[in-house]
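Notes follow once the structure below has been shown.
The values are calculated or read from the model by the stated rules, or taken from the named source; none is laboratory data. This structure is a prediction, so every number in the text was calculated from the model and none was measured. As a convention, Cβ positions derive from the backbone with ideal geometry for all residues, glycine included, and neighbour counts pool all protein chains shown. These accessible areas exclude ligands, DNA and RNA; they are computed on the full protein's heavy atoms, side chains included. Shrake-Rupley method; radii C 1.70, N 1.55, O 1.52, S 1.80 Å.
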Amino acid sequence: MSMAITVQPLCVPRSGGISGTRSICKKNRRWVDFNLRNGLGLWRKHLVKPNNICCSFSTEKDPLLPSIQQLTDARLIYSVSAALGHNKESHPECSARVPAIVTALEKNELTPKFRGSEILELANFKTATIDDIANVHEKAYVLGLEKAMDEASDSGLIFIEGSGPTYATSTTFEDSLIAAGAGMALVDSVIAASRNSLDPPTGFALIRPPGHHAVPKGPMGFCVFGNVAIAARHAQRVHGLKRVFIIDFDVHHGNGTNDAFSEDPDIFFLSTHQDGTYPGTGKISDIGKGKGEGTTLNLPLPGGSGDIAMRTVFEEIIVPCAQRFKPDLILVSAGYDAHVLDPLANLQFTTGTYYSLARDIKRLAKEVCGGRCVFFLEGGYNLESLSSSVADSFRALLGEESLASEFDNPAYLYDEPMRKVRDAIDRAKSIHCL
């Protein structure tokens with residue numbers, strides 16, 4: 001992607017990372033002392049000053065991006081890439097997903113048509129280039145997928161993951177470049193706004209195919225390119241940001257993102273997911289390796305975990321990890337398949353759970369990284385729960401009241417396995433010295 005951007009050194013102090021061995025509590029007294037001194041109440045009581053990003057980015061140099069005035073007026077900026085040509089009938093990851101969300105946003109008057117300048121749709125953006133994708137994926141895979149489009153065009157549909165569930169049509173390669181480009185453009189816009197405002201808009205990429213299972217060597221689990229991972233590398237290389245904190249609350253472990261950054265001390269990957277589900281990765285003992293040891297946190301949750309579990313995880317795991325890591329940007333793999341109505345797993349999140357997550361992540365971003373935060377759509381396969389939950393996430397990011405009670409039905413819920421949840425949280429806190 002040819003961007004008219006000049007990068008200068010990042011003007012933020014570097015904080016200590018985790019390295020060495022798995023005895024991260026003993027070898028990193030500075031991190032431990034920081035947490036003990038400040039405690040979990042810090043993020044509610046004291047908002048720190050945002051990091052000063054010293055990259056001379058100007059939206060005026062890219063006519064496809066909004067003006068600075070539009071960005072600073074907005075509270076929420078989103079992009080849409082529905083990939084209508086990337087579709088397999090009766091497949092969970094089908095072309096109806098993003099249109100269902102857009103329809104719900106219109107119905108709930110959560111679009112620029114109804115909200116004016118406070119909601120901004122990024123309608124024009126550049127697609128990602130092969131080089132952008134190759135910052136995360138092996139170039140042989142990217143070029144091989146491009147060549148496979150001829151076969152997909154002849155056959156109508158092919159499977160690109162061996163015996164796995166990931167398919168491709170004749171438009172999949174281009175659709176995937178567009179999806180990655182939409183996420184990168186949101187990162188550009190949010191960072192540009194943060195240079196002119198202490199309260200920049202939050203970004204939300206309504207895109208598909210999803211990305212967090214795609215490993216560096218190829219596709220996996222409905223995912224083609226790692227959209228969040230590509231955006232993280234873009235933020236570092238184009239804007240000079242140093243540290244990126246990735247939160248993945250999809251019901252399935254984001255193994256692709258995990259693998260992409262397992263040895264990188266400057267990308268913290270934190271995943272909550274249902275224990276024992278696809279793809280079978282994301283064990284609590286996986287904390288990264290080499291220089292990146294300690295900057296991966298996996299928290300498998302027992303089946304039946306729901307709103308109480310996730311609120312506890314946020315307070316006791318996500319907040320202190322972000323405070324300690326001190327990122328320059330938060331990216332979110334927002335999977336809505338942990339909803340109690342979703343057919344592919346067995347957690348008990350509700351529309352209200354997703355509202356709380358979006359609200360609290362926005363608050364956390366304002367504290368630790370000057371409000372720079374972008375959400376990326378991952379899973380979510382019940383179209384009603386998906387669309388209602390994304391709509392309520394929009395309300396949270398706008399600072400409005402939740403309407404989850406109009407959709408959530410308590411009759412679907414049962415007691416959460418809080419003893420098992422407590423054990424998992426305590427083990428993660430012990431491993432990561434929280």
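Expressed in nm to one decimal, what extension gain is obtained for the pair residue 198 and residue 155 from 0.36 nm per residue of sequence separation less their Cα-Cα distance?
On the way: separation 43, 0.36 × 43 = 15.48 nm, distance 5.15 nm.
Between residue 198 and residue 155, full extension yields an extra 10.3 nm.
Before anything else, pin down the relative contact order of the chain: Cα pairs under 8 Å, at least 6 apart, normalised by residue count, whole percent.
Computed over the chain, the figure is 19 percent.
Tell me, what is the per residue accessible area of the chain in Å², probe radius 1.4 Å?
Result: 38 Å² of accessible area for each residue.
When the Debye formula is applied to the Cα atoms of the stretch 224-321, each taken as the same point scatterer, what base-10 log of I(q)/I(0) results at q = 0.20, 0.24 Å⁻¹?
-1.00, -1.31
For the stretch 181-245, what is one quarter of the convex hull surface built on the Cα atoms, given in nm²?
Averaged projected area of the stretch 181-245's Cα convex hull equals 4.8 nm².
What residue among 249, 229, 273 has its Cα farthest toward the positive end of the dipole of the stretch 189-280, where the charges are +1 on Lys, Arg and -1 on Asp, Glu, each on the Cβ?
With unit charges placed on the Cβ atoms, the residue in question is 229.
Calculated from DSSP H runs of 4 or more alone, at -39500 (n - 2.57) each and per residue, what is the 222 nm mean residue ellipticity of the chain, nearest 500?
-11500 deg cm²/dmol
Can you pull the one-decimal nm distance between simple spin-label points at residue 415 and residue 130, each 7 Å off the Cα toward Cβ?
Going by the 7 Å Cα→Cβ label model, 5.9 nm.
Return the carbon/sulfur percentage of the accessible area of the stretch 190-271, one whole number, probe 1.4 Å, all protein chains in place.
Whole-percent figure for carbon plus sulfur exposure: 44.
Over 20 Å between Cα atoms, which of 283/362; 113/362; 283/326; 139/283; 283/420; 283/429 qualify?
Pairs exceeding 20 Å: 283/362; 113/362; 283/326; 139/283.
In Å and from the alpha-carbon atoms only, list the Rg and Dmax of the stretch 141-291.
16.4, 52
Counting only protein heavy atoms and using a 1.4 Å probe, what share of the accessible area of the stretch 275-427 belongs to carbon plus sulfur, as a whole percent?
Roughly 50 percent of what the probe reaches on the stretch 275-427 is carbon or sulfur.
Grab every C-alpha pair in the stretch 307-434, bin the distances at 10 angstrom width from 0 up to the longest one, and report whole percents.
12, 40, 37, 11, 0
Over the alpha-carbon set of the stretch 141-229, divide Rg by the Kirkwood Rh and report the Rg/Rh ratio to two decimals.
Over the Cα atoms of the stretch 141-229, Rg/Rh equals 1.10.
With helices defined as uninterrupted DSSP H runs, which ones in the chain have an alpha carbon span along their own long axis of at least 15 Å and mean Kyte-Doolittle hydropathy of at least 0.0? Before the final figure, lay out the partial values.
On the way: long enough: 97-107 (16 Å, 0.55); 139-155 (24 Å, -0.35); 172-194 (33 Å, 1.13); 227-239 (17 Å, -0.18); 351-369 (26 Å, -0.35); 383-398 (23 Å, 0.64); 418-432 (21 Å, -0.91).
The qualifying helices are 97-107, 172-194, 383-398.
At q = 0.09, 0.10, 0.14 Å⁻¹, work out log10 I(q)/I(0) for the stretch 62-432 with the Debye formula, treating every Cα as an identical point scatterer and leaving solvent out; two decimals please.
For the stretch 62-432 at q = 0.09, 0.10, 0.14 Å⁻¹, log10 I(q)/I(0) is -0.44, -0.56, -1.17.
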